[in-house]
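Shown next, in structure tokens, is the structure this report addresses.
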Amino acid sequence: MARAPPHTLFRHPQPITYTPSPIRTKTPKISAVHFSPDAMPDHREPHPSLEVVAGGGARETILPALKTLVRPYTPFPLLGWNCHAETIFAAFFRCIPDVRLRRECLRAKDNGAVALDWVSGDERQLPPDSPVLILLPGLTGGSEDSYVRHMLVRARSRGWRVVVFNSRGCGNSPVTTPQFYSASFLGDMREVVEHVGMRYPKANLYAVGWSLGANILVRYLGQESHACPLSGAVSMCNPFNLVIADEDFHKGFNNVYDKALARALCKIFKKHSLFFEEMGGEYNIPLAANAKSVREFDEGLTRVSFGFKSVDDYYSNSSSSDSIKHVRVPLLCIQAENDPIAPSRGIPREDIKENPNCLLIMTPKGGHLGWVAGVDAPRGAPWTDPVVMDYLEHLESGASKGLASRSNSVGVQQCTEGLHSLEV
């Protein structure tokens with residue numbers, strides 16, 4: 001397979017049915033960090049149907065900006081009664097907004113490649129200081145997924161520049177080396193953030209991750225700590241503790257998700273199998289190519305590619321639950337209590353509570369990547385999208401002074417179809 005040249009551009013064949021809204025006015029850059037209990041005097045508590053875990057002054061300074069939280073979380077009738085019904089409905093029947101995208105293939109330092117999908121035309125229509133939002137889909141996910149598209153459209157309608165980070169092999173991203181990506185690998189994340197920051201040095205950078213993408217994002221925030229160039233982030237459906245998530249993945253109906261995701265992984269692998277024909281050592285290529293579970297795929301390929309002694313070693317050392325305590329930028333975590341793939345017992349509630357930069361919103365229902373509730377239910381945007389945008393715009397406006405820390409220099413600090421489409 002010939003390698004794609006770096007920074008190659010090509011388009012997705014989607015019809016043009018999305019018209020961006022007028023560009024919003026310039027917002028001030030965020031440059032200091034202070035919590036002020038008096039910043040938002042009209043404080044209203046979230047509805048009792050929601051669990052809120054907040055550290056430091058986040059409850060006083062952030063929660064008042066999340067206006068939708070004062071209303072009860074009410075799942076859509078006939079769907080919210082069961083986490084699997086909600087999860088599967090969202091995967092099968094949630095509408096997918098049509099957006100024309102411009103693709104940029106970014107060559108990584110190890111000669112691997114990732115695909116960045118930007119909204120076509122934004123280079124000309126948005127000012128250079130428009131805030132930039134990086135979206136990280138879940139396992140095997142990409143810019144074609146409904147939950148990603150809805151977030152993209154909502155952010156763009158508010159004047160944000162949005163880019164979808166398709167990991168190696170995902171979303172038809174090219175594969176140029178015998179290595180995919182994993183929950184443990186942060187190299188591509190670092191390079192994408194650096195690349196986007198250098199392209200838009202006058203803009204604040206933010207990121208939203210779902211499921212495995214959320215796990216990678218939170219690990220990145222923890223490892224970069226004080227040097228992170230992001231001004232804020234949102235984590236949703238994060239499995240947090242991959243050991244616990246793996247335990248539950250093999251129970252009852254969850255086996256359906258496990259097999260579906262394994263098929264999706266095998267499909268990506270077989271598409272690029274020529275890269276792996278000569279792999280020896282601990283690699284078990286037949287096992288990976290015919291995996292009946294995500295664990296089998298990780299045993300045959302992933303854990304070996306990234307230097308782990310066993311699958312359990314890989315899961316234990318790739319969990320983002322250990323990173324929460326090190327996060328130094330504003331982080332909103334949204335989880336569903338009944339998520340079948342990201343168990344609530346794996347959420348590091350105490351570490352979130354003790355970190356003044358973190359805020360956790362728990363909904364009683366929602367399933368995995370579901371949240372079929374709110375004004376757009378059942379086929380429209382997830383309930384979470386308005387909450388996420390309220391949060392991000394609150395940070396960008398600077399209303400909670402300096403919940404984000406970002407360099408004021410011109411440069412940016414380097415951080416050196418069907419059930420099978422469900423992502424983790």
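Every read-out reported here was derived from the displayed coordinates using simple, explicitly stated rules and does not represent laboratory data. Worth saying up front: this structure is predicted, and the values here are computed from it rather than measured. In this analysis, Cβ positions are derived from the backbone assuming ideal geometry, glycine residues included, and neighbour counts consider all displayed protein chains.
What aspartates and glutamates could a cross-link reach from K353, if we take a straight Cα to Cα line under 13 Å and drop same-chain neighbours fewer than 8 places away? Result set, ordered by chain and number: E51.
Could you check the simple spin-label distance between K271 and E354, using points 7 Å along Cα→Cβ, in nm with one decimal? Between K271 and E354, the label points sit 4.3 nm apart.
Past 22 Å, Cα to Cα: identify those pairs from K267/K292; K202/K325; K271/K292, in the order given.
Working: K267/K292 12 Å; K202/K325 29 Å; K271/K292 17 Å.
From the list (K267/K292; K202/K325; K271/K292), the Cα-Cα distance tops 22 Å for K202/K325.
Available extension along the chain between N172 and S157 is 2.8 nm, counting 0.36 nm per residue and deducting the alpha carbon span.
Remark: spin-label model distance R44-H226 equals 4.0 nm, labels positioned 7 Å along the Cα→Cβ axis. Most tightly packed first, judged by the mean number of other beta-carbon atoms within 10 Å of their residues, the peptides 258-268, 355-365 read 355-365, 258-268.
Which of the peptides 233-244, 381-392, 45-56, 312-323 is most tightly packed, and how do the rest follow, going by the mean number of other Cβ atoms within 10 Å of each residue?
Those peptides, ordered most packed to least, come out 233-244, 381-392, 312-323, 45-56.
Sorting 117-126, 281-290, 181-190, 331-340 by average packing, meaning the other beta carbons within 10 Å per residue, from highest down gives 331-340, 181-190, 117-126, 281-290. Computing FRET efficiency as 1/(1 + (r/R0)^6) for F92 and F253, where r is the C-beta to C-beta distance and R0 is 25 Å, gives about 0.95.
The slack between S397 and K292, meaning 0.36 nm per residue of separation minus the straight C-alpha distance, is 33.0 nm. One Cα centroid belongs to region 340-381, the other to region 220-299; the line between them spans 21 Å. For the pair R263 and K325 in one chain, pulling the backbone fully straight at 0.36 nm per residue adds 18.8 nm over the alpha carbon distance.
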